[in-house]
1. Rounded to the nearest 100 Å², what is the buried accessible area between A and B, both sides summed, probe 1.4 Å?
2. For B:48, A:27, A:51, B:38, what's the largest-to-smallest order of accessible area, 1.4 Å probe?
3. Distance in nm between label sites at residue A:248 and residue A:275, each 7 Å beyond Cα in the beta-carbon direction?
4. Taking all protein chains together and a probe of 1.4 Å, list A:112, A:117, A:197, A:129 from the most accessible to the least accessible.
5. What FRET efficiency do you get for residue A:75 and residue A:238 if R0 is 51 Å and r is their Cβ-Cβ distance, rounded to the nearest 0.05?
6. Taking the stretch A:133-282 as the region of interest, what is the percent of Cα-Cα pairs per 5 angstrom bin, listed from the shortest bin to the one with the maximum distance?
7. In terms of Cα to Cα distance under 26 Å, which lysines are near enough to residue A:87, apart from those fewer than 8 places away along the same chain?
8. Calculate the FRET efficiency for residue A:202 and residue A:33 from the Cβ-Cβ distance with a Förster distance of 51 Å, rounded to the nearest 0.05.
Amino acid sequence: MKHLLSMADLGVDGIEEILRVTESFVEVTARDIPRVPALRGKTIVSLFYEESTRTRLSFESAAKRLSADVMTFSVATSSVQKGESLKDTVETIQAMGMDAVVVRHASAGVPWQVSQWVDASVVNAGDGWHEHPTQALLDAYTIRERLGSLEGRRIAIVGDVKHSRVARSNVLGFHALGAEVTLVAPPTLLPPSLEGWPCEVTTDLDALLPKLDVIYVLRMQRERMTEAVLPSMREYTSRYGLTARRAANLPDGALVMHPGPMNRGVEIAAEVADAPGTVITRQVANGVAVRMAVLFLLLGSGASIA
Amino acid sequence: MAERERYLTPPLGGVFVARAHVMTADDVRRAVTRIAHEILERNRGLSELVLIGLQTGGVPLAERLTEELARIEGTDVPVGTLDVAFYRDDIGLRPVLPETVTNIPFDLTGRTVVLVDDVLFTGRTIRAALNALADYGRAKAVQLAVMVDRGHRELPIRPDFVGKNLPTRRDEMVDVSDEGVVLGDMVPTRP
């Protein structure tokens, strides 16, 4: 496989192989010297058309820990401000020589489009409402690390599913690994069609809580909410927010996850976010190892991951 | 990495056909005992000594050596495992994937490391292992123990402890297991 654009392209074997190699990179990242020479001489470009802290830093530190050279492209300081098109920008970077490009963009399908233009490997780091495959991989890895397996696990994905690329990738990934996924959201925060999504849907979070192995809280993406989807954020919190009272109804050992950045007090209460059952910082730590595995499999291993 | 696995990874592919049994299980057992004594003699005991088996063929051998050292001296030696996939110099030339996760749960600084592998061939795996070890601390000394030295070195590397020196052709294959050491050929499966 040359690109990582969607969880749908990977299949169970591809996901399993990435998670297996991730384990080796978790060992590397835990060392005093968390660096290996595997991608010496390779150039990886991070092309972020949308703001991001953790994903960009995570990819860049993954690339550096593999000894690759990293070129960072940030829209604010680039010729995009002078009106350069995406295609011209990509071709300019390609002319300087690159082996992989990590793309984030507010529009769905941009990573695929870039993959049609360049010879390099393309990694989707989030495209619009479409997908965010490395997030799904690091979430699956984190659940596995804590619970051993996803097989038969009950996972609820709660919140702003409509605007969430994380929800789409995670439903595909969790389902492929054998979990039972339920989406919990007000109807206005669900996509127009859920046809083909391998999951259940409910609006009753409280009934579901005692049966869950994992509750995955999504960020309320206020910047993407162009129409009135909710009467108020307070109303949302009262019905769907993971408050301390709700968290107390989760079974012992259930995991609380969030892709970040969190709106504390909206979708998740501050005391829940900092409680011992949450694995949010573990998700971030595993993110670097997962991205090392993806970059290594695409650029270094010579092996096929799908 | 055990040669069998290396040869079974694409694009090489093929079936191992045994030709000669060069060491029996008893020969291997006696060689392990002798190497254990040599390690003790050379290092004057076991203090500050650790064994590290190279994935995958060196791991069972490192465990047998540890048992033997414990039997002779009555103390346990720390034993680790190392997968050198991310340090190989043929990344990009052929499929390179880690077989298992490296496990070195101790600091190497100030200790004498005995690297253990089943077969020493070109020396490139050992070169990768030496680079990897440096990322786990500054060992006082590194020594190399192998069951079979089959020649054809491409780097200035030599073993400190050898089970058997076995002259081979480059295209032959050596398989080390609990049942002994077998010399054979890889017969391609593809037309």
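The values are calculated or read from the model by the stated rules, or taken from the named source; none is laboratory data. Computed from a predicted model, the values in this text were never measured in an experiment. Glycine gets a Cβ as well: all are built from the backbone with ideal geometry, and neighbour counts include every protein chain shown. Note: accessible area is taken over every heavy atom of the protein model, side chains too, but ligands, DNA and RNA are not part of it. Shrake-Rupley method; radii C 1.70, N 1.55, O 1.52, S 1.80 Å.
1. Looking at A and B, the buried total is near 1500 Å².
2. A:51, B:48, B:38, A:27
3. Distance between label points: 1.0 nm.
4. Result, largest first: A:112, A:129, A:117, A:197.
5. The formula returns an efficiency of 0.85 here.
6. P(r) over the stretch A:133-282, rounded to whole percents: 2, 10, 22, 25, 23, 13, 5, 1, 0.
7. Partners found: A:2, A:42.
8. Plugging the Cβ-Cβ distance into 1/(1 + (r/R0)^6) gives 0.60.
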